[in-house]
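Read-outs throughout are calculated quantities, based only on the coordinates presented, and are distinct from any laboratory measurement. Keep in mind that this is a model prediction, so the values were computed, not measured. Cβ placement follows ideal geometry from the backbone for every residue including glycine, while neighbour counts extend to all protein chains displayed.
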Amino acid sequence: MLQQDHEILTKPIIEIKKLHKSFGSNNHVLKGITLQVKAGENLIMLGKSGSGKSIIIKCLVGLLAADKGSLKVFDTDITKLDCTQLNILRLRMGFLFQNSALYDSMTVRQNLEFPLKRHSAELTDAEVEKEVEEVLKSVGLIEAIDKMPSELSGGMRKRVGLARTLILKPEIIFYDEPTTGLDPITSREISKLILSIQKKNNTTSMIITHDMACAKLTGDRIVILRDGVIYLEGTYRELENSKDEWVHSFFE
């Protein structure tokens, strides 16, 4: 393989340099975050509440404007995009919210049809139906296709939320506490699903979690935030064996 080809293959799909974000004059949340995420990698972000994990993701998708720094996604600096350009780029990214963010007045089928009809208007009704059924099968919930969100358990809502994220075939998925509020068995099922999605679709993921079982199962690499910067990074095993008492507290 030529050196140039190797550089293309290993180029990070997400590249953050010296990211700063404050709220008011005294609340400096991010103080120079520098981070790269490779294509096909599952990156876990750990940190105490308020450490800025969700802020990083919101800056990456353009929901918050960075105060300083560079944010490149697909080799494009999103800080320099206008609204139209940003919305086009967002179609290549998926977001699984903590509460799944389903439309309560729509059935599962309608929740999944909505993004397709909005962003893939060229699809026929039959093609939309096929896409909906296939993505529900991939998360093991085809039997819930005509249920309302209120009829679903917490784990089922997470699966439907994930199906809605997957239906536009994103190259990057951001997971915000994907197992919060779930029992250990369901949490493990969701973690396995995240892992299978990575392997099947070669998606790149950033996963915010406090669930160390989820981190261990799904993460290729873990970064820990503290005081607005990346305090330490490594594999699960490397960090679990750290002599740093503060780091070790995450694994107790």
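Before moving on, here are some points about what is shown:
- Checking the Cα-Cα distances for LYS11/LYS169; LYS17/LYS80; LYS137/LYS192; LYS117/LYS216; LYS17/LYS243; LYS137/LYS169 against a 25 Å cut-off, the pairs over it are LYS117/LYS216; LYS17/LYS243.
- Checking every one of the GluC sites (Glu not before Pro) in region 87-153 against DSSP loop status and a limit of 14 other Cβ atoms within 10 Å picks out GLU122.
- Working note: Karplus 6.51/-1.76/1.60 with θ = phi - 60° gives region 183-194 the couplings 6, x, 5, 5, 4, 5, 4, 5, 4, 5, 5, 4 Hz, where Gly and Pro are set to x.
- Annotation: average projected area of region 99-252 is 10.3 square nanometres, based on the convex hull of Cα atoms across all directions.
- Under 19 Å from the ARG226 label point (7 Å along Cα→beta-carbon), backbone N, region 17-61: 28-35, 44-54
- Selection from ALA144, MET156, LEU123 lying farthest towards where the dipole of region 99-169 points positive, charges on Cβ: MET156
- Folded to 0 to 90 degrees: helix 108-119 orientation relative to the chain principal axis, Cα: 70 degrees
- Against the chain, whose longest principal axis is taken from its Cα atoms, helix 154-166 shows a tilt of about 90°.
- A simple charge model with +1 on the Cβ of Lys and Arg, -1 on the Cβ of Asp and Glu and nothing else charged puts the dipole of region 99-169 at about 360 debye relative to its Cα centre.
- Dipole magnitude (debye, nearest 20) for the chain, charges at Cβ of Lys, Arg, Asp, Glu: 500 debye
- Residue of SER49, SER100, SER196 that the Gaussian network model of the chain assigns the largest fluctuation, springs spanning Cα pairs under 10 Å: SER49
- With both labels modelled 7 Å from their Cα along Cα-to-Cβ, the TRP246 to THR79 distance reads 2.6 nm.
- Degrees between helix 125-138 axis and first principal axis of the chain (Cα, 0 to 90, nearest 10): 50 degrees
- 12 Å cut-off, amide nitrogen to a point 7 angstrom out along LEU91 Cα→Cβ, residues in region 104-148: 116-123
- Most to least packed among 13-19, 74-80 [average Cβ atoms within 10 Å]: 13-19, 74-80
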